[in-house]
Amino acid sequence: MKKNFVEELRWRGMLAQIMPGTEELLQKEMVTAYLGTDPTADSLHIGHLCGIMMLRHLQRCGHKPIILVGGATGMIGDPSGKSQERNLLNNETLYHNQECIKKQVAKFLDFEADVPNKAEMVNNYDWMKDFTFLDFAREVGKHITVNYMMAKESVQQRLNGTARDGLSFTEFTYQLLQGYDFLYLYQHKGVKLQLGGNDQWGNMTTGTELIRRTLGSEVETFALTCPLITKSDGKKFGKTESGNIWLDPKRTTPYKFYQFWLNVSDEDAERYIKIFTSLEKDVIDGLVEEHKQDPGRRILQKRLAEEVTLLVHSKEALEMAQEASGILFGKATKDALEKLDEQTFLDVFDGVPQYELDKDQLGQPAVELFTRDDVNVFASKGEMRKLVQGGGVSLNKEKLTAFDRPITADDLIDGKYLLVQRGKKNYFLIIVK
């Protein structure tokens, strides 16, 4: 027996709103469902992950997932939950972004298997690019009244002054465009269900209404949303001081990605492990129980970070992230430092005091270099001598045994970094230029 998709979402805390009859339809037949995403960047971020995981669970429950890249709607901007219109993108950028997104989503969904429920990716630009304004007005606009569109919460928020710039006509038509996507996919791909975030409910129900009014009241289509994920303190999920946490390793290193999950609160870890992993209920229940016995071991956070990093990146990326995580607080070696790529190395030591040194200063004794006014690692030569003699100074994770030993180019990590450690927790990064 295939799993019940709605029940799976329900116990995972991934179900917000659902149209009557949806669960019965999913129990009765293999359902084709779609979820839309805007190709406004060449990478998804973790704010998209709940929707992608919905599609993953859908496919694992025996149904067919379609991910729609909004090449056309991405050119306009969706007013739902936004305070400003977004910039328009050109065709070349849209295509590039679409291809990058497909590669990322392929880690979650099976696009290759020769089975009826294999995943597909579509782009609404393909059917919108030759659709004239007159065609749109005649075939779509006449079916939905302005009164119906005005009643939507996303429109009301923009009209009632919670946004600075009001609502342009372009954005006002967004719900019709999204509704037409559903109609088109119903007619050409047999799509009966649309999935999305809870902020999309208004647009999604416009789609079911457009299908009903266009094709007749006997045609039934459905919508189902996941809640908008927040942190336990109510703040936006997935945002950090430095911005979004991206799935692309060039935008967010696997180390930073792993650290994000490792550092969530206990309360969030218990919610997120259900939403962002495919672990079964009994496994998660066991982990939650084990975590409660000894919260200090952070069992939930570690397993969450491990599962999501493995899913988004790779086993090698996970191992490097775990090794990098041990560098600050564990007994790492110079070899471990040299294995890190430059960005990960800088991420690990982000926030530690940094100094710059000219390359021509190399060759001098450590005690001269590390007590300079512009490289203030030690307050004085005497302090450094004393600490070295007591075994309390390391260079690149190796004990410094002689305070006067020359520092040469051979000591540089990645050809330009020196990592000095004073005691157990005080690190200093010297960048040699």
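The values are calculated or read from the model by the stated rules, or taken from the named source; none is laboratory data. Predicted model, so just to flag it, every value in this text is computed and none were measured. Every residue, glycine as well, gets a Cβ built from its backbone with ideal geometry; the counts of neighbours run over all protein chains shown. Heavy atoms of the whole protein, side chains included, go into the accessibility calculation; ligands, DNA and RNA do not. Shrake-Rupley method; radii C 1.70, N 1.55, O 1.52, S 1.80 Å.
Here are a few things to note about the model shown:
- The loop-placed trypsin sites (Lys or Arg not before Pro) in region 300-343, going by DSSP, that have at most 11 neighbouring Cβ atoms within 10 Å of their Cβ come out as Lys331.
- Net charge, Ala336 excluded, C-beta distance under 12 Å - Lys, Arg +1, Asp, Glu -1: -1
- These residues, Glu306, Glu171, go from largest to smallest accessible area, 1.4 Å probe, as Glu306, Glu171.
- Computed on region 191-286, with alpha-carbon pairs under 8 angstrom and 6+ residues apart, the relative contact order is 21 percent.
- Most fluctuating residue given options Thr253, Thr309, Thr145, as computed from a GNM of the chain linking Cα atoms under 10 Å: Thr145
- A cut-off under 15 angstrom between Cβ atoms defines the neighbours of Val122, and their net charge, with Lys, Arg +1 and Asp, Glu -1, is 0.
- Per residue convex hull volume, Cα atoms of region 163-262, in Å³: 177 Å³
- Glu319/Gln187 FRET efficiency (R0 56 Å; Cβ-Cβ; nearest 0.05): 0.75
- When both region 315-339 and region 375-403 are represented by their alpha-carbon centers, they are found 23 Å apart.
- Local net charge near Thr221, Cβ-Cβ under 14 Å (Lys/Arg +1, Asp/Glu -1): -2
- In the chain, the portion of solvent-accessible area held by carbon and sulfur atoms comes to 49 percent [1.4 Å probe, whole percent, DNA, RNA and ligands not counted].
- Here the gap between Ala113 and Asp350, fully extended at 0.36 nm per residue and compared with their Cα-Cα distance, gives a gain of 81.1 nm.
- For the chain, the alpha carbon positions stretch 88, 47, 43 Å along the principal axes, listed from largest to smallest.
- Note: relative contact order over the chain, using C-alpha pairs below 8 Å and six or more positions apart, is 14 percent.
- In loop segments of region 206-298 as defined by DSSP, the trypsin sites (Lys or Arg not before Pro) with at most 13 further C-beta atoms inside 10 Å of their C-beta are Lys235, Lys250.
- Greater than 30 Å apart at Cα, pairs in Lys64/Lys274; Lys381/Lys424; Lys102/Lys334; Lys28/Lys231; Lys2/Lys152; Lys236/Lys397: Lys102/Lys334; Lys28/Lys231; Lys2/Lys152; Lys236/Lys397
- Debye-sum result for region 213-262 in log10 I(q)/I(0), which assumes one identical scatterer on each alpha carbon, at q = 0.16, 0.18, 0.20, 0.28 Å⁻¹: -0.61, -0.68, -0.78, -1.11
- Charging the Cβ of each Asp and Glu at -1 and of each Lys and Arg at +1, and nothing else, the dipole of the chain about its Cα centre rounds to 660 debye.
- Diffusion constant of region 129-204 at 10 °C, which comes from Stokes-Einstein with the Kirkwood Cα-pair radius and 1.306 mPa s, µm²/s: 116 µm²/s
- Ligands, DNA and RNA are left out, and with a 1.4 angstrom probe the accessible area of region 85-146 is 64 Å² per residue.
- Secondary structure note: in the chain, about 45% of the DSSP beta bridges are antiparallel.
- Under a model in which nothing but the beta-carbon of Lys, Arg (+1) and Asp, Glu (-1) is charged, region 85-232 shows a dipole of about 340 debye around its Cα centre.
- For the chain, modelled as a GNM whose springs connect Cα atoms under 10 angstrom apart, the maximal fluctuation among His291, His188, His313 occurs at His188.
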